Amino acid sequence: MGELNKTPDLSVTLAGVRLKNPVIPASGTFGYGREYAEFYDLNLLGAFAWKGTTAQPRDGNPPPRIAEAPAGMLNAIGLQNPGIDAVIREEVPRIARTFQGPVIANVGGFTVEEYAENCRKLEDVEQCAILEINISCPNVHAGGRNFGTDPKAAAEVTAAVRRVTRKPVFMKLTPNVADITEIARACADAGADGLCLINTLLGMRVDLNTRRPVLANRTGGLSGPAVFPVAVRMVWDVYEAVRLPIIGCGGVSRAEDVAEMMLAGASAVEIGAANLRDPYLCKRIVEALPDLCGRLGVERISDLTGAAHEQEANI
Ligand SMILES: Cc1cc2nc3c(=O)[nH]c(=O)nc-3n(C[C@H](O)[C@H](O)[C@H](O)COP(=O)(O)O)c2cc1C
């Protein structure tokens, strides 16, 4: 395909919400945007996903809660956040001063009711354009098993949230399951408007000298470039399994990765751990996209979504 001269259209749509481009900093790596606003104008982003927010304020897990890994990192932050009321009262007005685009509100919970209540409170927060429901949280009524590892629990959370909001509901899936399409289907059937995948992969490190786990929590979530092929595979599989927009996430660190994730089926892409290595990364990626579209011969970046599946069908 020859190079195009026209400025490519970088905009994408997620369940009716228009983003000026597909680049979204991922939850837990961008706080509520404040720190990154000191590095660059956040308005160049498609959106950003704020830190997983729960009903009560949380200090998170004791340290050490970060460990290095080849081509990635482990984290066991434990959902440290100021709680939904403080976020609405203090962070939301602050965000509005530095970012005028759509915000993706990442919501955590330990019971089905908590998820629903948190989402209900966000209903009048206009700037929260999408609710992203992190179901990698322990279900206290099911012995701490993650909601996201059980199709029935995932469906229950989806339905409960769906009932209390008019905003698009994106369920954020955990990769720590045998078949992610089973969970994706359960969420779709329960009324999800979209899916975000993947969250971190469960891992651990052991210190040779202390002979103890490096993380105080023992285990943590692996993210960063190491997980990219896993995320691409899961986005591919879920794209084939359900007809819902997908936010692809996991290991993205270059503009080319954004395009690859979109070819596999993502409508937009979140970038997590890579922000922690280079706080300017999302800006750099946004700036690299027009050139990349030219090289790939696409006038609209949204044309990349799922295009690898069509290619396959044409073989
Ligand atoms: C330090 C850290 C904190 C995170 N906190 C959250 C969170 O609060 N809620 C959530 O849904 N995902 C959280 N995640 C997961 C990321 O949003 C993302 O799904 C995952 O890290 C994979 O993407 P990446 O490889 O680009 O980091 C966190 C990840 C990291 C590295």
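Glu132 is checked against (1) in contact with a helix residue (DSSP H, G or I) (Cβ under 8 Å, 6 or more places away or on another chain); (2) in contact (Cβ under 8 Å) with a residue 12 or more places away in the chain and fails just one. What number does that condition carry?
Among (1) in contact with a helix residue (DSSP H, G or I) (Cβ under 8 Å, 6 or more places away or on another chain); (2) in contact (Cβ under 8 Å) with a residue 12 or more places away in the chain, Glu132 violates only (1).
Is it the case that Arg18 is in contact with a Pro (Cβ under 9 Å, 6 or more places away or on another chain), of a type in the set (D, E, K, R), surrounded by fewer than 19 Cβ atoms within 10 Å (Cβ to Cβ) and modelled with pLDDT of 95 or more?
The answer is yes for Arg18.
Working only within segment 189-231, note down all residues that are surrounded by 16 or more Cβ atoms within 10 Å (Cβ to Cβ) and part of a strand (DSSP E or B).
Those that are surrounded by 16 or more Cβ atoms within 10 Å (Cβ to Cβ) and part of a strand (DSSP E or B): Gly194, Leu195, Cys196, Leu197, Leu201, Gly203, Pro213, Gly220, Gly221, Leu222, Ser223.
When only residues in segment 82-106 that are hydrophobic (A, V, I, L, M, F, W, C) and touching an Asp or Glu at 6+ places or on another chain (Cβ under 7 Å) count, which is surrounded by the fewest Cβ atoms within 10 Å (Cβ to Cβ)?
Ala105
If you check Ala116 against the conditions, is it modelled with pLDDT of 95 or more, closer than 26 Å to Trp236 by Cα and aliphatic (A, V, I, L, M)?
no
Are there any pairs with C-beta distances below 9 angstrom linking a residue in segment 158-182 that is closer than 30 Å to Glu123 by Cβ and part of a helix (DSSP H, G or I) to a residue that is among the β-branched types (Val, Ile, Thr) and away from the ligand (no atom under 16 Å from the Cβ), with the two at least 6 apart or on different chains, and if so which?
Hits for this filter: Ala159/Val112; Ala160/Val112; Val161/Val112.
Exactly one condition in (1) over 28 Å from Arg300 (Cα atoms); (2) under 18 Å from the mean Cα position of the chain (by Cα); (3) near the ligand (Cβ under 10 Å from one of its atoms) is not met by Arg65; state its number.
Exception for Arg65: condition (2).
May I ask you to list the residues in segment 263-281 that are within 25 Å of Asp193 (Cβ to Cβ) and over 14 Å from the mean Cα position of the chain (by Cα)?
Within segment 263-281, Leu263, Ala264, Gly265 qualify.
Kindly establish whether Thr29 is of a type in the set (S, T, N, Q), within 12 Å of the ligand (Cβ to nearest atom) and either touching a strand residue (DSSP E or B) at 6+ places or on another chain (Cβ under 7 Å) or without any contact (Cβ under 8 Å) to a residue 12 or more places away in the chain (or both).
Answer is no for this residue.
The values are calculated or read from the model by the stated rules, or taken from the named source; none is laboratory data. From a predicted model like this one, the values you see are computed outputs, not experimental measurements. Neighbour counts run over all protein chains shown; Cβ positions are idealised from the backbone, glycine included.
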